[in-house]
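The values are calculated or read from the model by the stated rules, or taken from the named source; none is laboratory data. Keep in mind it's a predicted model, so treat the numbers as computed, not measured. We place every Cβ from the backbone using ideal geometry, glycine too, and count neighbours over all the protein chains shown.
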Amino acid sequence: MVGKRAGKWKRILVSWILRVIMILLSAVMIYPLIWNLYSSFKTNTEFLGDAMKLPEHLMWDNYIRAISETNLGVSILNSIGIVIVSTAILALLTIPCTYCLVRYRFPGAKLILKVYMALLFIPDSSTLIQLFLLMRNLHLLNSRAALALLYAATGVAFPVFLLSGFLSKIPRDYEEAAMIDGCGPFRILINVVVPLARPGIVTVCMFSAIGSWNEYMTAMVMLTDEKKKTLAVAMAHLYEVQRYATDWGTLFAALVIALLSTLMIFMIGQKYIVQGMNVGGVKG
């Protein structure tokens, strides 16, 4: 009895220690976001006086200047358009490709899947020069549509890896039943596999959208026109301008607007993202 009680109290103690650690880690992660939020309502005098102090009055003018005095609105629209196009193209490429690699047996299928997994370890910066030269030779520089296509083409590896776990979990009985009813491979993919793999597809689309939304390096190199720049590039430019203009309230207001956009994407698909990470990352 004494041993059981000691084990019970030990488990309770470990549980509470883990909870305290998780609370502290959450506070460390959340505090910079809260600081960013209330700093966006400060005047420059308040920010330079005490950066950690709460604002005395809410300066909504900071948000008005962040939108009216910069190209932030245009940059947000550019990012939205690029994200939608790149995500749609990526889904059209990834779903049939992964389905063929998982379901059909042909020479080199496993090797191709391993190559996709190996591509996950190649940093984007190592191929940036080659991509720039390729886009220049194809006369596709400074094109938002070409940048969206580039995001889709270079972002296939992780979605294939993640979606392969989902598709391998789908029983073949559904496909065999559809085949008996006269469905061909294309109809089986559209009418059977895609609905069953919807959580995985939504997860892939969410990660692709967030990745394209936050991507900076490729967009900075491929786009030179101020009116075509994405939000990430515009935010970096705004930081350089406002840092020397000492208009910190406008800068933090712009950062909050950018953060809210990413947060909205995550909130829409958070259920599928969690489910996708739990199921899709484990191969059957």
* Asked: List, please: which pairs have Cβ atoms under 8 Å, are six or more places apart or on different chains, and start with a residue in the range 51-67 that is touching a residue at least 24 places away in the same chain (Cβ under 8 Å) and surrounded by 15 or more Cβ atoms within 10 Å (Cβ to Cβ) and end with one that is assigned to a loop (DSSP other than H, G, I, E, B) and not basic (K, R)?
  -> M59/F41; M59/T43; N62/S40; N62/F41; Y63/S40; R65/D247
* Asked: Would it be correct to say that T87 is touching a residue at least 60 places away in the same chain (Cβ under 8 Å) and not in a helix (DSSP H, G or I)?
  -> no
* So which residues in the range 57-102 are over 22 Å from T250 (Cα atoms) and modelled with pLDDT under 85, if there are any at all? -> none
* To do: Count, please, the residues in the range 154-171 that happen to be without any contact (Cβ under 8 Å) to a residue 60 or more places away in the chain, surrounded by fewer than 19 Cβ atoms within 10 Å (Cβ to Cβ) and under 19 Å from P199 (Cβ atoms).
  => 3
* To do: Quickly run through the range 48-67 and pick out the residues that are charged (D, E, K, R) and either at positive phi or outside any helix (DSSP H, G or I) (or both).
  => D50, K53, E56
* Between residues in the range 183-208 that are closer than 18 Å to T87 by Cβ and residues that are assigned to a helix (DSSP H, G or I) and β-branched (V, I, T), which pairs lie under 6 Å by C-beta distance while being six or more apart or on different chains? -> T203/I273; C205/T87; M206/I273; S208/T87
* Structure fact -> T94 fails exactly one of (1) assigned by TED's automatic domain parsing to the domain that holds T230; (2) over 19 Å from L223 (Cα atoms); (3) β-branched (V, I, T); (4) surrounded by fewer than 18 Cβ atoms within 10 Å (Cβ to Cβ), namely (4)
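Conditions (1) in a helix (DSSP H, G or I); (2) at pLDDT 85 or above; (3) surrounded by fewer than 10 Cβ atoms within 10 Å (Cβ to Cβ), marked per residue:
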{"site": "K4", "(1), (2), (3)": "yes, no, yes"}
{"site": "G7", "(1), (2), (3)": "yes, no, no"}
{"site": "I12", "(1), (2), (3)": "yes, no, no"}
{"site": "M22", "(1), (2), (3)": "yes, yes, no"}
{"site": "S26", "(1), (2), (3)": "yes, yes, no"}
{"site": "I30", "(1), (2), (3)": "yes, yes, no"}
{"site": "L37", "(1), (2), (3)": "yes, yes, no"}
{"site": "F41", "(1), (2), (3)": "no, yes, no"}
{"site": "E46", "(1), (2), (3)": "yes, no, no"}
* To do: Can you tell me which residue within the range 117-151, out of those that are aromatic (F, W, Y) and at pLDDT 90 or above, is nearest to G165 (Cα to Cα)?
  => Y151
